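Okay, structure first, notes after.
The values are calculated or read from the model by the stated rules, or taken from the named source; none is laboratory data. Source: prediction; values computed, not measured. Here the Cβ positions follow ideal geometry from the backbone for every residue, glycine too, while neighbour counts run over all protein chains shown. Ligands, DNA and RNA are excluded from the accessible area calculation, which covers all protein heavy atoms including side chains. Shrake-Rupley method; radii C 1.70, N 1.55, O 1.52, S 1.80 Å.
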There are 4 protein chains.
Amino acid sequence: MTFRATHAVRVGYVDTDRAGVVHHSTYLRYLEQARVEYLRERGVDYRRFELEEKKALPVVRVALAYRAPARFDDALVVSTWVGHASRAKVRFDSEVRRGAELLLTGEITLACVVMPEGRICSMPEEVIAACGGEHAS
Amino acid sequence: MTFRATHAVRVGYVDTDRAGVVHHSTYLRYLEQARVEYLRERGVDYRRFELEEKKALPVVRVALAYRAPARFDDALVVSTWVGHASRAKVRFDSEVRRGAELLLTGEITLACVVMPEGRICSMPEEVIAACGGEHAS
Amino acid sequence: MTFRATHAVRVGYVDTDRAGVVHHSTYLRYLEQARVEYLRERGVDYRRFELEEKKALPVVRVALAYRAPARFDDALVVSTWVGHASRAKVRFDSEVRRGAELLLTGEITLACVVMPEGRICSMPEEVIAACGGEHAS
Amino acid sequence: MTFRATHAVRVGYVDTDRAGVVHHSTYLRYLEQARVEYLRERGVDYRRFELEEKKALPVVRVALAYRAPARFDDALVVSTWVGHASRAKVRFDSEVRRGAELLLTGEITLACVVMPEGRICSMPEEVIAACGGEHAS
């Protein structure tokens, strides 16, 4: 069973643009917070991880498909799970819904780097464990 | 020959995050402005287009690959061209470079909708023409 | 007794800048959402207000004083009350705290305009009532 | 004679909100970049300053007055000068105009801190000099 974290979002006024809908860049903020909450629920405090491990998980790939627009003050739910995890990368998959309606699907791939140099390194054990990596190819 | 528009960007302080690099969401702002400038150079004033045609070109798909980080005050150049254009969709492809170094590649796909309803419609003739649609499938 | 609304905020990664703290512009987003929640608790659904009344409450003045920085993943509380209300303007005052520590004080003044023209008009009765304007000087 | 730096801004789509105008928080981004350009014109490379001096100039106070809205694709000019400079603080004053029309006035006050601790320190000589501090109280 794949673990799914759900993260509630209330659409802010600043999140919208002159077309009257949520700007396409705003969803990256929603999905980022959803990943932080996913990790917290799986036992990884991402702030502590960065500070103590001197590592970070930068985004290396983004794929988003927009199905329907969200609007100001909508109550959205971001559902997030790990679509793929390896020693090199973890891919978080998300769906954004308003009630039953699917508004967006996203795949965000993270690598792991040593800070502050930014040199690529292996995904740490605690991240692999939190992401169910034992089953990953 | 494919037309390419180039758009210069100076990285702002607000564009960065606590990792000391440009946040992954910021590039969507850079690429959006690059598309507006692409259209302007090809004879389409996008503001006038929205106001007079009562149509808009919403983003329906985003694919970004991050190669290397940009930093505060970097002088970047966004190169943009049309990768694919049809009656239904136009895909703008972009590269972001700092000097010769490639930092990001992106593909942003737009549809056309009638405003304010948001109903999908055919890509207007002037957009097709600006995007070199005569060669599009 | 002045009514105070409290709004909880979790600091996101994107909210920070290369100095490792929350960017000074980010607080305007926090305070804006706090005002929306203030109005909701006082019986005014701001989305409905804009759509049905064809009016909006644009920000006409901002005053912020930064006392101490917030950081990624901090749990903040925004406390908001009406500092002044008249037929012409409403001023929302806010404090942002992390636990007992005061990080920011802000005063955001709103006017009322008829949309879409943007012509200044009197503050509607329901807004005045929600803001306790009967006691305002 | 007070030195004034001018910084040109093209309003982006993402800069707007559902009211069809530039969101009030966006101007803090415009004014921040205008300050960076002011300092550059006066001989201070702010990126180098942060990296070499291990200091930063955080915003400690913001005061903005909105006179008229800006809209998508407007060509704006931000004019910036030093309104007050001392050993403790520098206040940058800005006007945002669209042609002759004044849209916004702003006063942004900066302190100086030692990084990464964030401890308040005196404004460095090079900043004082760039800000015309010889005349400051």
Exercise. Of the conditions (1) open to solvent by 10 Å² or more (accessible area, probe 1.4 Å); (2) in contact with a strand residue (DSSP E or B) (Cβ under 9 Å, 6 or more places away or on another chain), D:Leu64 fails just one. Which one is it?
Worked result: (1)
Problem set entry | Members of the range B:1-17 found to be aliphatic (A, V, I, L, M) and not in a loop (DSSP other than H, G, I, E, B), listed by number | B:Ala5, B:Ala8, B:Val9, B:Val14
Exercise. Is there a residue in the range D:110-125 that is more than 14 Å from chain C (Cβ to nearest Cβ), open to solvent by 30 Å² or more (accessible area, probe 1.4 Å) and of a type outside the set (A, V, I, L, M, F, W, C)?
Worked result: yes
For this session: Only residues that are more than 9 Å from every other protein chain (Cβ to nearest Cβ) and small (Gly, Ala, Ser): list them for the range C:16-36, please.
Result: C:Ala34
Seminar exercise, completed: Selection over the range D:94-104 where residues are in contact with a strand residue (DSSP E or B) (Cβ under 7 Å, 6 or more places away or on another chain) and either away from chain B (no Cβ under 14 Å) or part of a loop (DSSP other than H, G, I, E, B) (or both) yields a count of 7
Exercise. Out of all the residues in the range C:22-38, is one or more more than 26 Å from C:Arg119 (Cα to Cα) and among the aliphatic types (A, V, I, L, M)?
Worked result: yes
Exercise. Among the candidates B:Glu107, B:Glu52, B:Glu134, which residue alone is modelled with pLDDT of 95 or more and away from chain A (no Cβ under 14 Å)?
Worked result: B:Glu52
For this session: Would you please name the residue that is farthest from B:Pro58 (Cα to Cα), looking only at residues in the range A:94-109 that are among the hydroxyl-bearing types (Ser, Thr, Tyr) and open to solvent by 10 Å² or more (accessible area, probe 1.4 Å)?
Result: A:Thr109
Exercise. Within the range A:74-93, is even one residue of a type outside the set (D, E, K, R), in contact with a Leu (Cβ under 6 Å, 6 or more places away or on another chain) and away from chain B (no Cβ under 13 Å)?
Worked result: yes
For this session: Please indicate, with yes or no, whether at least one residue in the range B:3-15 is within 21 Å of D:Val14 (Cβ to Cβ) and within 13 Å of chain A (Cβ to nearest Cβ).
Result: yes
Exercise. From the residues in the range D:20-57 that are in a loop (DSSP other than H, G, I, E, B) and touching a residue at least 40 places away in the same chain (Cβ under 8 Å), which one is most open to solvent (accessible area, probe 1.4 Å)?
Worked result: D:Lys54
Seminar exercise, completed: Over the range C:70-93, the set of residues open to solvent by 40 Å² or more (accessible area, probe 1.4 Å), assigned to a loop (DSSP other than H, G, I, E, B) and among the hydrophobic types (A, V, I, L, M, F, W, C) is C:Ala88
Problem set entry | When residues of the range D:106-137 are limited to those that are more than 11 Å from the chain's Cα centre (by Cα) and of a type in the set (S, T, N, Q), the one nearest to C:Gly118 (Cα to Cα) | D:Ser137
